[in-house]
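In what follows, a single structure is set out as structure tokens and then discussed.
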Amino acid sequence: MSGELWLIGCGDIFETIAAAWPAIEPDTVLHVVRLESPAAIATPFEERLAAASPQPRVFAALDQSALNFARFDVYARLRLGGRRFCTLIHPSAIVDATAKLGENVWIGAGAVIEARSSIGHNTFVGTRALVLGAAELAAHGWVGAAASVGARAKIGTHCVIGADVRIGAGVEVGRFSSIERPGHYAEPIAERTYIDALFELPVRIYGSARKQAGTAG
Amino acid sequence: MPPAAYRSQEWFARERGRLFRRVWQFAGLKTMLGEHNAFITREVCGVPVVIQNFDGELRAFENLCLHRGAKLQWERAGRRPLLCRYHGWGYDKAGAPANIPLHDELYRFSTAERAGMCLRSFALRTVGNLVFINMNAEPIPFEQQFDAGFIASLESSSNAYDGEVITTTWTGRFNWKLAYENLRDANHPRFVHAQTLARSVDFICNVDEALVIDADAEPAPGAGRDLLRRFSWGGRDAPLRGVAPYAWRGMVERWGSDDAYYNWLAFPNLHIASGDGGHAFTIEHHVPLAPDRTAIEIYWMTAKKRRPYPYSSTVLLALMHGSKLVVGEDVRVMESVQAGLHDDAPQGNQGAFEASNRLIERWYMDLMENGGEF
């Protein structure tokens, strides 16, 4: 791919991608828009891309805090503004030709994406992570370094699969969940479940985010 | 109190019988029980309890099937009929096994035997969105435990709760009483929470002179019953040094308009707070597990949403992380106190400011040593 690409964002993943350039796309000129912090997205940043050529490709790179919502916000605003997104794959990653990758997807160094797997828009797969055969990762997700997603596993939108987490074959992880305690997970994980070292038991959200529960009793 | 009150297994068992089996205890949120067949499960005084919605009516039962003793509901919360997974016995809102599959072929209970089968039930009372239960067959009146003003404040504030709730439980290595003592001590935040809570809240520490007199006075016979109501209070506690203008706060129906820290302390073991002037609420329930172990059940919910917003899960998760930080500071101190206790440890010296805790202690010790006045 030749031409220009505008990388916008901040944090470790942003710096990782910027540092790996130009190995990622040797013929593409990289322009960097470094935000001060994820909080900077609260103010308009679109004008910082104003100098971009008429149809520039862009890539939004922010870490996984707040269930990827900061990255989602940048991605969605630029997408609605008509920007074209690309997918970036580190040259040392192995991506099977039958895998489907959405836009604004990052595949990190040494990652392996096996056959018939799919990765939704705006999902990032970290260094040396494994996405095994026919696994499905929905949009706006994160797979940490050295994590693995088993064959035929299904990961919902906005999920975080932390570093060194292993999701078993065929396991479903509900949307808006974050699994950050390293280990093997062989059972289904309900949506809006948070497992990390801070809490000895999973944190769960009950009740609808969309409507008020009725009142009984 | 003597070290045994915090360490002894015998004391713990006596306390469970004399206190916890007699008082109203928090059991859950009505917002989690909003639909037919919605349920929550708890363990109260060592008894597995299920609270279930039957066509809009809430019932509390022992969560054990009358057939083989299997738990009827297994999850922490969910929505399914009150039906045993072992052999399919199904229960109605009276707690009777209304459906026993293959009854006539395999079990053949007589009519009289079946009529005698009923899940053990517990008294249940809702206040706004809060659900309380009482384990006693003849529970004390709710109004004997909490005064009308407190109940009204709980009702008003809890009716503001949103239906989306985040919850978890962690275990502290301390006796539950250290938690209620700590919560009634407004002088600890400036030391324990110097880098967190105390940076945003000016907790007010005053000596309540009338309370000091009461705490020091010889109690009149029969006064114990009335004392219980004085152990719980709530509402506006302290001024905030501002409320951060996070976008989500503009999307909820704030309870009240004060930039205040709200606290509700319900004796014996319930704490509710709003640390941001009524935009969000947390519930901490300190459940005794053993003399030196307490489950800390934490809930967070915002005030009712004006409209859904896509990142509400992350707001709740961030609030829960904040709890881990602040409550974690309390837990470390309480675990330190607990770890230092031994049979011959000196009893604490509580001053005038701690009259509230001393009043509770006097009532509690009478309960534990003499049976007390309920």
- Message: Cβ contacts < 7 Å: first residue surrounded by 19 or more Cβ atoms within 10 Å (Cβ to Cβ) and modelled with pLDDT under 95, restricted to the range B:297-323; second residue in a loop (DSSP other than H, G, I, E, B) and hydrophobic (A, V, I, L, M, F, W, C), any location; separation 6+ or different chain. Result?
- Response: B:Ser312/A:Ala209; B:Ser313/A:Phe176; B:Ser313/A:Ala209
- Look through B:Val327, B:Val287 and report the one residue that is within 14 Å of chain A (Cβ to nearest Cβ), part of a strand (DSSP E or B) and within 21 Å of the chain's Cα centre (by Cα). B:Val287
- Query: Within the range A:171-190, is even one residue among the charged types (D, E, K, R), away from chain B (no Cβ under 14 Å), assigned to a strand (DSSP E or B) and buried (at least 18 other Cβ atoms within 10 Å of the Cβ)?
  - Reply: no
- If we keep just the residues of the range B:8-37 that are in a loop (DSSP other than H, G, I, E, B) and more than 9 Å from chain A (Cβ to nearest Cβ), which is nearest to the chain's Cα centre (by Cα)? B:Val23
- Being within 14 Å of chain A (Cβ to nearest Cβ), part of a loop (DSSP other than H, G, I, E, B) and farther than 22 Å from B:Glu297 by Cβ, is that true of even one residue in the range B:42-58? yes
- Item | Residue identified as charged (D, E, K, R), at pLDDT 95 or above, more than 30 Å from B:Val315 (Cα to Cα) and surrounded by fewer than 15 Cβ atoms within 10 Å (Cβ to Cβ) among A:Asp12, A:Asp27, A:Asp96 | A:Asp96
- Query: Which pairs have Cβ atoms under 8 Å, sit 6 or more apart or on different chains, and link a residue in the range B:194-210 that is more than 17 Å from B:Gly328 (Cα to Cα) to one that is among the hydroxyl-bearing types (Ser, Thr, Tyr) and outside any loop (DSSP other than H, G, I, E, B)?
  - Reply: B:Val201/B:Tyr261; B:Phe203/B:Tyr261; B:Asp208/B:Ser356
- Task: Using the structure shown, decide if B:Trp74 is touching a residue at least 12 places away in the same chain (Cβ under 8 Å), surrounded by 15 or more Cβ atoms within 10 Å (Cβ to Cβ) and either assigned by TED's automatic domain parsing to the domain that holds B:Glu181 or of a type in the set (Phe, Trp, Tyr) (or both).
- Result: no
- Message: Going by what's in this entry, would B:Arg114 be described as over 27 Å from the mean Cα position of the chain (by Cα), outside any helix (DSSP H, G or I) and over 20 Å from B:Val23 (Cβ atoms)?
- Response: no
- Find the residue count for the range B:65-88, including only residues that are in a strand (DSSP E or B), away from chain A (no Cβ under 14 Å) and over 17 Å from B:Asn99 (Cβ atoms). 1
- Residue among A:Leu62, A:Leu35 that is over 14 Å from A:Phe124 (Cα atoms), surrounded by 14 or more Cβ atoms within 10 Å (Cβ to Cβ) and in contact with a Lys or Arg (Cβ under 9 Å, 6 or more places away or on another chain): A:Leu35
- Note on the structure: For the range B:127-149, the count of residues that are surrounded by fewer than 21 Cβ atoms within 10 Å (Cβ to Cβ) and touching a strand residue (DSSP E or B) at 6+ places or on another chain (Cβ under 7 Å) equals 2
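The values are calculated or read from the model by the stated rules, or taken from the named source; none is laboratory data. In this text, all values refer to a predicted model and were calculated from it rather than measured experimentally. Cβ sites come from the backbone with ideal geometry, for glycine too, and all protein chains shown count toward neighbours.
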